[in-house]
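Only one structure is covered here, and it is reproduced in the block below.
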Amino acid sequence: MSSEFILILGGARSGKSTFAQNLAGDLGEQSLFVATAEPLDDDMAERINEHKRLRPRHWRTLEVSRDVARELPKQLPDVEVVLLDCITLLVSNLVISGNGDRVIEEIEELVRCLDGWEGTFIVISNEVGLGLVPGDKLSRDYRDLLGKANQLLAEHASRVYFLAAGIPVKIKG
């Protein structure tokens with residue numbers, strides 16, 4: 001097996017998760033799903049449950065809302081594919097907890113933790129730079145941090161896909 005890093009970008013409800021899960025299923029049987037969402041309200045808890053329901057039952061799951069790079073290496077033995085869903089919420093979790101200054105460090109640690117690992121790493125993130133400039137500072141800071149995180153991930157990725165209306169377009173690799 002060789003190492004590959006795939007980044008999947010798109011807007012909300014663009015089909016990123018479905019595309020990523022299908023891709024992961026095609027690339028290996030031993031898969032680890034890394035979930036970064038936190039069930040902070042009933043709606044989010046319902047969305048998380050729906051994502052769980054749609055995942056293959058034989059996949060292992062790591063639920064971690066921040067410090068992914070510290071937890072992930074413990075899970076990598078005997079794993080062929082890691083699917084991280086998603087950077088969007090990881091960045092949000094850091095910003096909301098007052099640790100927005102750690103976003104780039106977290107992404108760099110994530111990329112480094114995969115050095116030398118033989119497997120496929122698939123990362124999902126929203127592209128939030130296509131709309132209007134947000135009206136408040138927190139939202140602008142979040143958009144800017146996520147944009148920087150996406151650029152850093154895209155730089156290291158061997159393949160990058162952009163999804164719109166469920167249609168993947170390869171933009172790198």
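Bear in mind these aren't lab numbers, they're just calculated from the coordinates by the rules spelled out. Note that this is a predicted model, so its numbers are computed, not measured. So basically every Cβ, Gly included, is an ideal-geometry build from the backbone, and we count neighbours across all protein chains shown.
Amide H contacts of E127 (H built 1.01 Å from N, in plane; Pro and chain starts excluded): G10, G11 sit under 5 Å, all sequence-distant by 5 or more or on other chains. Based on C-alpha pairs under 8 angstrom that are at least 6 apart in sequence, segment 35-99 has a relative contact order of 49 percent. Please report how far the C-alpha centroid of segment 88-149 lies from that of segment 33-71, rounded to the nearest whole angstrom. Segment 88-149 and segment 33-71 have Cα centres separated by 17 Å. Residues whose amide H falls under 5 Å from that of I122, counting only those 5 or more places apart or on a different chain, are I6, V82, L83, L84, with hydrogens built in the peptide plane.
For segment 1-73, GluC sites (Glu not before Pro) meeting the loop criterion (DSSP other than H, G, I, E, B) and having at most 13 other Cβ atoms within 10 Å: E29.
Subtracting the Cα-Cα distance of D43 and K170 from 0.36 nm times their residue separation leaves 42.5 nm of extension gain. Between helix 42-54 and the chain there is an angle of about 20 degrees, using the helix long axis and the longest principal axis of the Cα atoms. Partner lysines whose Cα lies under 25 Å from the Cα of K52, excluding those fewer than 8 positions away in the same chain, are identified as K16, K74. The charge dipole of segment 102-173, taken about its Cα centre with unit charges on the Cβ of Lys, Arg, Asp and Glu (plus for the first two, minus for the last two), comes to roughly 320 debye.
Take every Cα pair under 8 Å whose residues are at least 6 apart in sequence, average their separation, divide by the length of segment 4-165, and the relative contact order is 40 percent. Under 13 Å from a label point set 7 Å out along the Cα-to-Cβ vector of I104, the amide N atoms of segment 141-165 belong to 144-153. Using only side-chain charges placed at the Cβ, +1 for Lys and Arg and -1 for Asp and Glu, the dipole size of the chain relative to its Cα centre rounds to 400 debye.
Under the shape rule built on the C-alpha gyration tensor, where the axes satisfy a ≥ b ≥ c, segment 111-173 is oblate, since a/c reaches at least 1.5 while a/b does not exceed b/c. For the chain, the longest principal axis of the C-alpha atoms and the axis of helix 87-96 are separated by about 40°.
Among the trypsin sites (Lys or Arg not before Pro) within segment 8-95, those in coil by DSSP and having at most 13 neighbouring Cβ atoms inside 10 Å are R13, R57. Binning all Cα-Cα separations of segment 4-165 at 10 Å, short to long from zero, yields these whole-percent fractions: 10, 42, 39, 9, 1.
Under the rule of -39500 (n - 2.57) per DSSP H run of 4 or more residues, summed and divided by the residues of the chain, what mean residue ellipticity at 222 nm is obtained, to the nearest 500 deg cm²/dmol? Value at 222 nm, helices only: -12500 deg cm²/dmol.
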